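The values are calculated or read from the model by the stated rules, or taken from the named source; none is laboratory data. Predicted model, so just to flag it, every value in this text is computed and none were measured. Methodologically, a virtual Cβ is constructed for each residue, glycine included, from the backbone with ideal geometry; neighbour enumeration extends over all protein chains shown. For accessibility, only protein heavy atoms count, side chains too; no ligands or nucleic acids. Shrake-Rupley method; radii C 1.70, N 1.55, O 1.52, S 1.80 Å.
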Amino acid sequence: MTWPLEALHRLRDERLRSLLRTAKERSSWHARRLTHVDPDAVTGDDLSMIPVMTKADVMANWDDVVTDRRLTLERAEAHLLQVASEGPAYLLGDHQVLTTGGSSGTRGVFVWDFEGFLMYALGRDRGTLWLQQHAGRTESRRAIVAASHATHATSVLARTFAGSPQLGATRSFPVTLPLEQIVDGLNAFEPTDLMSYTSMLRRLGEERRRGKLRISPASLMCAGEPLTPDARADIEEAFGCPLSNLYAATEVGIIARSYPGSIGLHLNEDIAVYEPVDAGNNPVSPGTRARKLLVTNVVNHALPLIRYELADEVTVLDEPNPDPWTGRRIADIQGRSDDVFVYGRVEVHPYVFRSVIGRRREVLEYQVRQTTTGADITVRTASPIDTSALTRELHDDLAALGLARPAVRVSVVDSIPRPSEAGKLRTFVPLTSPS
């Protein structure tokens, strides 16, 4: 957490060269792409000589991308069915298989080798361990309110490392349970550390204000959904302690984590090479919001992901680091490029909606679905809200962007459905989305 950045990058580059050697020798798909690449001469400072790869590339060429001939997509899919019906298990004795639909709704299957998955867990937990150590805390009870699906990363991590003596007792609460059951379970467990999705932490904060949730965790962590300044302030006020934000991807692991109470997140510099780029895959400078992020996972050799495309719009902060952790800092992730609503020649970034809705304290969570002429918005609120004023403001903002006669409809609901696979709330649903 506090190594000099140069030392972190030296370790990253050692792992990068090892990964490239493995990929050239054992992956027929990568061997073709890396013919001209000398692994011993490569550093993470410039990977532009290597083509970009996507989730579609992985799924279309899975059997040729992996580095172990025993691994096939058919075998991985059969293993996933077995895990879903019979419970946790390793594939081939030491591999973990994870699935993700991602925010785009495109399903992916990813296999991790033993050492890579250990690094996945350490990337998640070393910040927690560092904080516990420096706070002098010796007791830990971690509660995770997140995905219940047996092959989702959150669920797999929780059950794999549940017995760790360093992390203490861990208990998972499926986010798909009725809220009353989650609250009762948390009250009985009395966690010292609580982790969940941003929207669920706001719901739990509401329950704490009402006196129904009686826990007082020493640390809070959110992940899986954007964290707005308003949401951060609401959660921290409800629980009375600072919040840490986690940025992760099933394919890569824990990309970044924030120091408690600080804005922005510190990159896990030793597990991956990060390239913020524009729409044409050209690098963008610090302080500029990237259209997407290219990631090279240097710790997992089973399924090499080299310059793998994530649609997250990342901004590397160009300002002094106020925290003791030394990884470069990025701004809180506020959206994905595939969340942009396109109306002919007019593009509407999700922040247009988020900036208006997020300012309203009454809103606990919301979903925006694109229509041909505007958007249908459902909101769940803690108190009555003036939907007419909200509708007018969004209408005017869309009209100002050039959308002719925008139609905006806002509905107040008791609950917003969450996909059973991961339990995350899909906040923005473009017309082209499969969901």
* Asked: Restricting the stretch 180-218 to residues that are touching a strand residue (DSSP E or B) at 6+ places or on another chain (Cβ under 6 Å) and among the hydroxyl-bearing types (Ser, Thr, Tyr), which is surrounded by the fewest Cβ atoms within 10 Å (Cβ to Cβ)?
  -> THR192
* **Matching residues, the stretch 1-57, being at pLDDT 95 or above, among the basic types (Lys, Arg) and within 26 Å of ALA311 (Cβ to Cβ)** => ARG12, ARG15, ARG32, ARG33
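For (1) in a strand (DSSP E or B); (2) under 17 Å from VAL145 (Cα atoms); (3) of a type in the set (Ser, Thr, Tyr); (4) modelled with pLDDT of 95 or more, each residue gets a yes or a no:
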| site | (1), (2), (3), (4) |
| --- | --- |
| SER199 | no, yes, yes, no |
| ARG202 | no, yes, no, no |
| MET221 | yes, yes, no, no |
| PRO226 | no, yes, no, no |
| ALA231 | no, no, no, no |
* To do: Return yes or no: is ALA238 closer than 24 Å to ILE333 by Cβ, at pLDDT 95 or above and of a type in the set (Gly, Ala, Ser)?
  => yes
* To do: Assess whether LEU177 counts as being among the aliphatic types (A, V, I, L, M), modelled with pLDDT of 90 or more and surrounded by 14 or more Cβ atoms within 10 Å (Cβ to Cβ).
  => no
* Failed condition for THR100, given (1) at pLDDT 85 or above; (2) within 21 Å of the chain's Cα centre (by Cα); (3) not aliphatic (A, V, I, L, M) -> (1)
* **the stretch 360-413, subset out of contact with any strand residue (DSSP E or B) (no Cβ under 7 Å at 6 or more places or on another chain) and among the charged types (D, E, K, R), residue most open to solvent (accessible area, probe 1.4 Å)** => ARG405
* Structure fact -> Within the stretch 253-287, of all residues that are of a type in the set (Val, Ile, Thr) and closer than 20 Å to GLY224 by Cα, the one surrounded by the fewest Cβ atoms within 10 Å (Cβ to Cβ) is ILE263
